[in-house]
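Trainee: Here it is, the structure, as structure tokens.
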Amino acid sequence: MSPRVNVVTRFAPSPTGPLHLGHAYSAMLAHDMAKAQGGTFLLRIEDIDRSRARPEWEAQIYDDLRWLGLSWPEPALRQSDRLPTYRAALERLWQHDLLFACSCNRRDILDALGAPQEGTAPPMGPDGPIYPGTCRETGRRHPGDPLPEEALRLRIDMAERAATAETPLSFTETGAGPDGETDTIRVAPDLAATVGDIVLARRDMGTSYHLAVVLDDAAQGVTHVTRGRDLFEATQIHVLLQRLLGLPTPVYHHHRLIRDDTGKRLAKRDDARALAKYRAEGATPDDIRRLVGLPTSWHPPASSL
Ligand code: GLU
């Protein structure tokens, strides 16, 4: 008999606004997938953006999720408590000369890319315009240099070379990407052209979404990352970072996005779809499940993993 994997899923909202139907779907799906396998559902509060995170939104997240009938081991992990861990990982990458300090703002980047001019769109990666390399040499480490307190970018060509010396990058997808990508996803080589030197530490945060998410998924023992399809393209960055930092790559399950009546993806500012609003209007958790197309029992077919 093959050993049973202890399935660990998570929901990782940022407390920057009210949870809406799309969040409810994501959280309940992750919860149901764990419970269907006798596993564990975790909650993580992604509050590294101190300028936008608010304690009242965090409190509302706990309240909404409990109302939906979800539970998780308490207390939830909060990214703002993990800054020393993120810094230690940055130190390691800095020592290996895989980072450089960058002082470019958005305008500098667009100017260097020669955009926007009439009719030209800058080359785009999962994180926006592909970095033109302005600070690549000037921002590099010299022996003895401490980790700079500036924005830090990954030297992605070197990082890719180091990470793929033995095995190409790939991951298992049990959901689907935007073009139906599923099963074994091989990360296309030449991330310098398709992704570019991504920011791993923002100046005001000391970390970034990409760095924090891979360190936290590993620290929390997450085996199955369930999240919206909009993050499918970011997964290649996460797999690269996992390889560089010696972390396991979980299984990924990118799910469909909940859209409004006009087909637009719900956003934090769509207060009309806020769970709190449905609650105030007397909806039940099963009403929410029906609205997003989830079974009203907690046990969908086990084949969904
Ligand atoms: N914190 C991210 C969000 O709210 C989710 C990140 C993830 O699931 O990897 O969109």
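Trainee: Can you find, among GLY139, THR235, LEU294, the residue sitting farthest towards the positive end of the charge dipole of the chain, where Lys and Arg contribute +1 and Asp and Glu -1 at Cβ?
Mentor: Looking along the dipole axis, the top candidate is LEU294.
Trainee: Can you list the HN-Hα couplings for the stretch 283-290, worked out from phi with the Karplus curve (6.51, -1.76, 1.60; θ = phi - 60°), rounded to whole Hz and with x for Gly and Pro?
Mentor: Result, rounded to whole Hz: 5, 9, x, 5, 4, 5, 4, 5.
Trainee: Shifting gears a bit: To make sure I understand, if each residue's beta carbon is the centre and we count other beta carbons within 10 Å, what order do MET28, MET158 fall in, fewest to most?
Mentor: Least crowded to most crowded, the residues run MET158, MET28.
Trainee: Here's another thing I want to ask about it. Given N residues in the chain, what is its alpha carbon radius of gyration divided by 2.2 N^0.38 Å?
Mentor: Rounded to two decimals, the normalised Rg is 1.04.
Trainee: Nearest 20 debye, what's the magnitude of the dipole of the chain about its Cα centre given +1 on Lys and Arg Cβ and -1 on Asp and Glu Cβ?
Mentor: For the chain, the charge dipole is close to 420 debye.
Trainee: Sticking with this structure for a sec: If neighbour count is taken as other Cβ atoms inside 10 Å, put PHE11, PHE100, PHE171 in order from fewest to most.
Mentor: PHE171, PHE100, PHE11
Trainee: Hey, another quick one. Check ILE45: other-chain or 5+ apart residues with amide H under 5 Å from its amide H, H built from backbone geometry?
Mentor: It is LEU77, ARG78, GLN79, by chain and number.
Trainee: If packing is taken as the mean number of other Cβ atoms within 10 Å per residue, what is the order of 190-201, 252-263, highest first?
Mentor: Details: 190-201: 21.3, 252-263: 14.7.
Highest to lowest by the protection proxy: 190-201, 252-263.
Trainee: Hey, what do the phi angles of the stretch 193-209 turn into as Karplus ³J(HN,Hα) couplings, whole Hz, using 6.51/-1.76/1.60 and θ = phi - 60°, x for Gly and Pro?
Mentor: Taking θ as phi minus 60°, the curve returns 7, 9, 10, x, 6, 6, 6, 9, 9, 7, 4, 7, 10, x, 7, 8, 3 Hz for the stretch 193-209.
Trainee: Another question, then. For SER208, what residues show an amide H to amide H distance below 5 Å, using hydrogens built from the backbone and excluding near sequence neighbours?
Mentor: For SER208, whose amide H was placed from the backbone, the distant partners under 5 Å are ARG202.
Trainee: Considering only ASP81, ASP32, ASP47, give the residue with the highest GNM mean-square fluctuation for the chain, with springs between Cα atoms whenever their separation is below 10 Å.
Mentor: Result: ASP81 has the largest fluctuation of those listed.
Trainee: Going highest first, how would you order 180-187, 69-76, 37-44, 18-25 by mean Cβ packing within 10 Å?
Mentor: Order by mean packing, descending: 18-25, 37-44, 69-76, 180-187.
Trainee: How big is the dipole moment of the stretch 1-142 about its Cα centre under a simple scheme where the beta carbon of each Lys and Arg is +1, that of each Asp and Glu is -1, and everything else is neutral? Debye, nearest 20, please.
Mentor: That gives a dipole near 400 debye.
Trainee: I would also like to ask the following. Could you line up LEU99, LEU113 from fewest to most neighbouring Cβ atoms inside 10 Å?
Mentor: LEU113, LEU99
Trainee: Also: In debye, nearest 20: dipole of the stretch 154-225 around its Cα centre with unit charges on the Cβ of K, R (+) and D, E (-)?
Mentor: Working: 5 positive and 12 negative charges, 60 e Å.
For the stretch 154-225, the charge dipole is close to 280 debye.
Trainee: Also: Work from the charge dipole of the stretch 186-264 (Cβ charges, +1 for Lys and Arg, -1 for Asp and Glu, about the Cα centre) and give the residue of LEU211, VAL187, ILE198 farthest towards its positive end.
Mentor: Farthest along the dipole direction, towards plus: VAL187.
Trainee: State the Cα centre-to-centre distance between the stretch 96-112 and the stretch 205-267 in whole Å.
Mentor: Here the two parts' Cα centres lie 24 Å apart.
Rule-based calculations on the coordinates, nothing more; no lab input. On a predicted model such as this, the values are computed, not experimentally measured, just so you know. All Cβ positions, even for glycine, are placed from backbone atoms using ideal geometry, and neighbour counts span all protein chains on display.
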